[in-house]
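The values are calculated or read from the model by the stated rules, or taken from the named source; none is laboratory data. Predicted model only: the values in this text are computed from it and were never measured. Cβ coordinates were reconstructed from backbone atoms using ideal geometry, including for glycine residues, and neighbour counts include every protein chain displayed.
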Amino acid sequence: MTTPTILIDAYSQIFRAYYAIRQLNNSRGEPTNAVFVFARMLLKLEKEYPSDAGALCFDCGKVQFRLELAPEYKANRPEMPEELRVQIPVIRELAAAFGWPLLQEPEYEADDLIAAFARRAAGPVLIVSSDKDLSQLVDAEVKMLVPAPKNGFEERDAAGVKAKFDVPPELIVDYLALIGDASDNIPGVPGVGPKTAARLLNAFGPAESWLDDPARIGDPKLRARLEGQFDVIRKNRKLIALKDALPDRFDPPAPHLRRTAPDWAKIREICERMELRSVLKELPEPPAAPARPEAAEDDLFSFLASPAPETPKPEPGMEQGELF
């Protein structure tokens with residue numbers, strides 16, 4: 001049976017982990033809240049959605065083509081809290097120990113990279129994120145795993161997207177272009193909220209069918225509300241539509257998405273170092289050390305009576321420490 005390719009929107013889940021629990025520190029005073037929640041998420045994925053392929057996709061800064069369209073794009077984002085910043089290296093170390101490739105690409109946001117891999121993946125794809133932008137990728141093969149309360153996941157297919165936003169995945173870009181996206185500092189059309197946007201799109205089709213022919217909007221009140229806003233809608237669509245061309249260095253994608261088995265000893269070492277006691281309880285038990293056979297009494301005295309073996313000498317030019 002083919003396991004799904006799992007693509008994790010890394011920073012969206014790291015920020016979610018940080019804000020899920022606050023003021024969690026180890027005995028050295030180091031913040032551990034984001035590491036703790038992220039570790040629980042990775043364990044949950046390992047138990048409930050085992051996979052041979054996937055990756056954590058990271059943002060690589062703001063991309064130039066979106067800034068050229070809208071210099072104010074994401075300008076409202078605050079700096080990463082220092083208490084989170086110091087946990088990022090540990091989170092990356094932990095994810096690698098769980099066998100996840102860590103991928104990023106200049107001029108690609110994480111959502112773009114996820115789109116590129118999702119479009120080229122062979123077989124089913126699960127996208128771990130609550131970012132509504134990624135709903136545009138959902139189709140017969142691609143679903144979202146939206147983190148839910150109590151560390152679970154809501155599996156969202158095309159019907160789930162329709163239930164959530166009242167528009168199908170193929171209209172998500174138009175829907176967000178109309179209502180805007182405050183988290184990315186993208187203003188929408190004044191007076192058009194989620195209900196109005198869904199009613200417009202469901203009644204009169206995708207934006208490309210009426211942007212150049214407003215008469216196709218049969219509701220005069222809706223048409224009047226959109227007057228003077230068509231350029232805003234066009235710009236917003238370009239900002240929100242994901243860049244899904246696969247970067248050359250990731251082509252073919254399969255080798256870059258190949259997971260390795262979790263290194264449970266390394267995971268345990270990280271959790272012990274960060275003092276994540278409740279996570280340690282969920283890890284597989286380490287294999288028991290083989291029992292040492294008891295020596296017979298005659299063998300023991302024979303060993304003690306035998307001359308000590310000669311200590312090997314280092315070869316010329318070799319330091320003593322290099323023997324070991």
- Residues in segment 265-277 that are under 22 Å from I8 (Cβ atoms) and surrounded by fewer than 15 Cβ atoms within 10 Å (Cβ to Cβ) total 1
- Task: Kindly indicate whether any position in segment 154-171 is without any contact (Cβ under 8 Å) to a residue 60 or more places away in the chain, in contact with a Lys or Arg (Cβ under 8 Å, 6 or more places away or on another chain), in the same structural domain as P78 (by TED's automatic domain parsing) and assigned to a strand (DSSP E or B).
- Result: yes
- Task: Only residues that are of a type outside the set (S, T, Y), assigned to a loop (DSSP other than H, G, I, E, B) and surrounded by fewer than 17 Cβ atoms within 10 Å (Cβ to Cβ): list them for segment 25-62, please.
- Result: N26, R28, G29, E30, P50, D52, C60, G61, K62
- Do we have L176 as modelled with pLDDT of 95 or more, crowded, with 20+ Cβ neighbours inside 10 Å, under 28 Å from the mean Cα position of the chain (by Cα) and part of a helix (DSSP H, G or I) here? yes
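Just to be sure before I move on: is I233 in contact with a Phe, Trp or Tyr (Cβ under 8 Å, 6 or more places away or on another chain) and of a type in the set (V, I, T) in the structure I sent?
Details: in contact with a Phe, Trp or Tyr (Cβ under 8 Å, 6 or more places away or on another chain): no; of a type in the set (V, I, T): yes.
No: the conditions fail for I233.
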- Task: Within segment 137-145, identify whether any single residue is touching a helix residue (DSSP H, G or I) at 6+ places or on another chain (Cβ under 7 Å) and surrounded by fewer than 20 Cβ atoms within 10 Å (Cβ to Cβ), and answer yes or no.
- Result: yes
- Message: I need the full set of residues from segment 3-24 which are in a loop (DSSP other than H, G, I, E, B) and under 19 Å from the mean Cα position of the chain (by Cα), in order please.
- Response: T3, P4, I21
- Item | Selected residue (criterion: nearest to Y19 (Cα to Cα)) from residues of segment 78-95 that are in a loop (DSSP other than H, G, I, E, B) and touching a residue at least 60 places away in the same chain (Cβ under 8 Å) | P81
- Message: So, in segment 84-124, how many residues would count as being farther than 25 Å from N33 by Cα and of a type in the set (G, A, S)?
- Response: 6
- Matching helices (runs of 4 or more DSSP H) fully within segment 182-292 where at least 3 residues are in contact with an Asp or Glu (Cβ under 9 Å, 6 or more places away or on another chain) and touching a residue at least 12 places away in the same chain (Cβ under 8 Å): 194-204, 230-240, 264-274
- Task: Report whether or not G193 is in contact with a strand residue (DSSP E or B) (Cβ under 8 Å, 6 or more places away or on another chain) and either at pLDDT 95 or above or surrounded by 17 or more Cβ atoms within 10 Å (Cβ to Cβ) (or both).
- Result: no
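Could you tell me which residue of segment 255-264 is farthest from the chain's Cα centre (by Cα), considering only residues that are hydrophobic (A, V, I, L, M, F, W, C) and surrounded by 13 or more Cβ atoms within 10 Å (Cβ to Cβ)?
So in segment 255-264, the residues hydrophobic (A, V, I, L, M, F, W, C) come out as 257, 261, 264.
After this cut, where a residue has to be surrounded by 13 or more Cβ atoms within 10 Å (Cβ to Cβ) as well, the list is 257, 264.
Numbers: L257: 13, W264: 21 Å.
Within segment 255-264, the match that is farthest from the chain's Cα centre (by Cα) is W264.
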- Note on the structure: By residue number, the members of segment 63-119 that are touching a strand residue (DSSP E or B) at 6+ places or on another chain (Cβ under 7 Å), buried (at least 20 other Cβ atoms within 10 Å of the Cβ) and of a type in the set (G, A, S) are A95, A110, A118
- Item | Residue in segment 111-125 that is in a loop (DSSP other than H, G, I, E, B), in the same structural domain as P50 (by TED's automatic domain parsing) and within 12 Å of the chain's Cα centre (by Cα) present | no
- Task: Look at segment 217-250 and say how many of its residues are loosely packed, with under 12 Cβ neighbours inside 10 Å and not assigned by TED's automatic domain parsing to the domain that holds N185.
- Result: 2
